[in-house]
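The values are calculated or read from the model by the stated rules, or taken from the named source; none is laboratory data. In this text the structure is predicted, and so the values were computed from the model without any measurement. Every residue, glycine among them, receives a Cβ derived from its backbone with ideal geometry; neighbour counts consider all protein chains shown. Side chains are part of the model used for accessible areas, which takes the heavy atoms of the whole protein and leaves out ligands, DNA and RNA. Shrake-Rupley method; radii C 1.70, N 1.55, O 1.52, S 1.80 Å.
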Amino acid sequence: MAYKSIILGTGPAGLTAAVYLARADMEPLVIEGPEPGGQLTLTTEVENFPGFPDGIMGPELMDNMKKQAERFGATFKRGWVTDVEVEGRPFKLHVDGLGEVVTETLIISTGASAKMLGIPGEKENLGKGVSTCATCDGFFFRGKKVVIIGGGDSAMEEATFLTKFASEVQVIHRRHDLRASKIMQTRAQENDKVTWALNKTPVEMVSDGMKISGIKVRDNESGEEEVIDTDGIFVAIGHNPNTDFVKGKLNMDEKGYILVDPGTTNTNIPGIFACGDVQDQKYRQAITAAGTGCMAAMDTERFLEGEATIDWSENLS
Ligand code: NAP
């Protein structure tokens, strides 16, 4: 099966690209990964997406975007892309669940996933007191003590959010200085429910086999270890871009974010475009992702106008 354009990922970037390409009669195929809708489906209310004066729930926003793309002719299929052959066009994609698919152009909007600490007790207690999403799981810790790991904006934002439910939220950060912006720091610092364990490195998550009871940390000055009692551990130490399947094939920075030509969504391979969080570690907002999704669709259209290798009058898709 050959397509004019395939979009990988269904967050705001991929779905916006799908709306634009579908409206331009490009009949895009959108491949949905294991988290359809992306990170916004893990949030509750979105208050800063323009056009919704009363806010909108994250899953509903993503559902609306998908319906909008489908209305104009985008096709959605579930699959997991394991490899992309980028030498020569059309590009060949190897997709678990779909087999081999061929496309003239490709938009990568596979987003980013939460980073983990990689310490003992973390993986096996995910969902048993360890979480990477305060907005999803905060509700379960009403009246309990939780800790949050990290010193960036995410950690500050989630610490403040968690005080709605928890009796105490302790921020554990590996340095004395926080990385977060001043305004986010101040908001957390002014909240009476937020306490601080600074200059401490998490070394192990402690559980009784059923649920989390504490976290062992090492003081970076004295080297002493202690267990901080807690009912829940929220890990908020940043994200990794989901780009493993094109590693070594597209130009990336040292963290794996895809590099695009400034002011465009062009990667180093003509015909492959990147948008959303896979190429943005600075803004990471739904609206900026949607904006770059629109750019990727327009870059794709212009590329196809001048560079198509398949005679689309035969309409292979
Ligand atoms: P980040 O800025 O990269 O911060 C990650 C934090 O986790 C840092 O404090 C880092 O410590 C710590 N960390 C990383 N790896 C660790 C490890 N292995 N063990 C212990 N601690 C570790 O990530 P982020 O907070 O997710 O923010 C990412 C971007 O999104 C930023 O540009 C941020 O401004 C933006 N953002 C904005 C908002 C908002 O404006 N509402 C909300 C969230 C995020 P060090 O400081 O020592 O490196």
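Taking each full run of DSSP H in the chain as one helix, which ones are at least 24 Å long along their axis (Cα atoms) and have mean Kyte-Doolittle hydropathy of at least -0.5?
Passing helices, by number: 286-307.
With R₀ fixed at 41 Å, the C-beta to C-beta distance from R71 to K144 puts the FRET efficiency at about 0.40. Modelled spin-label separation between R23 and D96, with each label point placed 7 Å from Cα along the Cα-to-Cβ direction: 3.6 nm. Contact order, relative form, for the chain: 21 percent (alpha carbon pairs under 8 Å, 6 or more residues apart, mean separation divided by residue count). The Cβ shell under 15 Å around H176 holds other residues with a net charge of +2, Lys and Arg each +1, Asp and Glu each -1. Once the chain from K115 to E47 is taken as fully extended at 0.36 nm per residue, the excess over their C-alpha distance is 22.0 nm. Simple point charges give the picture: +1 on the Cβ of Lys and Arg, -1 on the Cβ of Asp and Glu, and for the chain a dipole about the Cα centre of about 480 debye. Most tightly packed first, judged by the mean number of other beta-carbon atoms within 10 Å of their residues, the peptides 6-17, 87-98 read 6-17, 87-98.
Annotation for region 212-317: chymotrypsin sites (Phe, Trp or Tyr not before Pro) lying in DSSP loop with at most 16 further Cβ atoms inside 10 Å of their Cβ are Y283. Computed over region 116-235, relative contact order equals 31 percent, with contacts defined as Cα pairs under 8 Å that lie 6+ residues apart.
Summarise the accessible area of the chain (1.4 Å probe, protein heavy atoms) by the percent that is carbon and sulfur.
Solvent-exposed carbon and sulfur of the chain make up 49 percent of the total.
Looking at region 181-277, the trypsin sites (Lys or Arg not before Pro) that sit in a DSSP loop and have at most 13 other Cβ atoms within 10 Å of their own Cβ are K211, K247, K255. Modelled label positions at E60 and K123, each set 7 Å beyond Cα in the direction of Cβ, lie 3.9 nm from each other. Take the chain with all the other protein chains still there, run a 1.4 Å probe, and you get 49 Å² of accessible area per residue. Put a dot 7 Å past the Cα of R284, heading toward its Cβ, do the same for T264, and the two dots end up 2.8 nm apart.
Build a GNM of the chain with springs between Cα atoms under 10 Å apart, and of G306, G143, G291 the one that fluctuates most is G306.
Taking every DSSP helix (H) stretch of at least 4 residues in the chain, weighting each as -39,500 (n - 2.57) and dividing the sum by the residue count yields a mean residue ellipticity at 222 nm of -7000 deg cm²/dmol.
Any idea what % of Cα-Cα pairs in the chain are farther than 39 Å?
21 percent
Listed cross-link partners K77/K115; K77/K128; K144/K182; K164/K255; K200/K255; K4/K66 are compared with a 30 Å cut-off, the Cα-Cα value being larger for K77/K128; K164/K255.
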